[in-house]
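The structure appears right after this line, and notes come after that.
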Amino acid sequence: MKKISFLAALTGILFAAHGRAFAAYPVYTGYQGTNAAGQVVYLPTNAGTTAVPTTGAVVTTNVTNAASPTRITGALPRVGSNATAAGRQYYEPTSFDRLADSGLYVGFSVGYSASVSGSMVADYMGEENAWFVPGAFQEADFNTDTVIPLQLSVGASINNDIRIDFSYLRYSGISYPSVVQSADGVGGYVEATVDGGAITANATMLNLYYNIDSYTGYLAGGMLRPYVGLGVGISLNTIADYVVYDNTFYSEMDPSVAGPGDLTGISDVYAYHNGGTAEQLAFMLEGGLTTELDGGMKLDFFVRYANLGKVQTSGSIIVSQTEWLGDGAGQEYPAPYDSVFHYTNWYESGRLSMIDLGVRLRLQF
């Protein structure tokens, strides 16, 4: 009797466990379970409303036709793959959604110009008597302090891989070289000092960026997404006024043979160069890594090469110099006046490019 009671209890436990397990994990659509009240529960089918039995209390379920799930087999694409849309949705969707580009955005970047390339040269060096006008007759590299380029961007993502924006980029902290090698009139050079000539560049560009994780996959365990970009636009490059000073004494005639009032020499030559603004074609190439912060913000860590075209003066130069005159007794003296000359269309220019390291904060909408 005890054995029969024990077997009955064990059978009850097994059937009860089976019923509870099925309620949590229904697999066979033909199975008819019971609810807590012992009533038959008909599972939904594709036929619409379930049939109602003729006897006993039942629970019916009204359902719409549902598509059968599709079984996915085979190797899944790696993270970030463009192979299939299913791969993006099915494989690590959290990582994908976190770094996905979408919608409009505004961005602000700050950088550091690790390398500034370019030099000034006197375009008028081939003009007659050009050596009377001190300037950069040998190429002289730009003088740079700390150059901090700032950029403001407004753009949108075309799809998950491509985004496009319009940007304003400004450079400052660049100037004309402080010392130049000027011509001495006899095939050599003399050193001339420079004061002024601050340079600023304001570039507006249309930029295109492409996420290359389709080829590289996400980096750092899905935290970083690599991209490349290029842009083209117009840069307004402005150089401020500057003065080039040559303190060399140039002898024109031996005072011992000079008559009264004859020009014997020239000294203290100042060349006042009027600055100017040049409108130039500009372009940039960029590569970087993107990560995401809270609140829909993204950070781009980038390396950028920017070529801003030419920096050029207005071509107007005013030269002031001290003239020395013979006294007729073998001596010379400075004239009581300064000789002043005005040159037009005598330009100085140089090309400007840089390599920047920076970070961009993007707020997506």
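Values quoted throughout were computed directly from the atomic coordinates according to the rules given, and no laboratory measurement underlies them. From a predicted model like this one, the values you see are computed outputs, not experimental measurements. With ideal geometry, Cβ positions are generated from the backbone for all residues, glycine too; neighbour counts draw on all protein chains shown.
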Practice item. From the P(r) of the range 229-365, can you give the percent of Cα pairs sitting at distances over 22 Å? Key: 63
Review point. Label-point separation (nm) for Ala198 and Phe249, each offset 7 Å from Cα along Cα-to-Cβ?
Key: 3.8
Practice item. Return the sequence-ordered ³J(HN,Hα) values of the range 257-268 in whole Hz as given by the Karplus equation 6.51 cos²θ - 1.76 cosθ + 1.60 applied to θ = phi - 60°, using x for Gly and Pro. Key: 10, 7, x, x, x, 6, 6, 10, x, 9, 8, 6
Point to revise | Computed lengthening from Phe108 to Thr344, 0.36 nm per intervening residue step minus Cα-Cα distance | key: 80.8 nm
Revision key, fill the gap. Under the Karplus relation with 6.51, -1.76 and 1.60 and θ = phi - 60°, whole-Hz ³J(HN,Hα) for the range 134-142, x at Gly and Pro, equal x, x, 7, 7, 10, 4, 10, 5, 4
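Which length gain, in nm to one decimal place, applies between Asp145 and Ser178 when the Cα-Cα distance is subtracted from 0.36 nm times their residue separation?
Gain on stretching Asp145 to Ser178: 10.7 nm.
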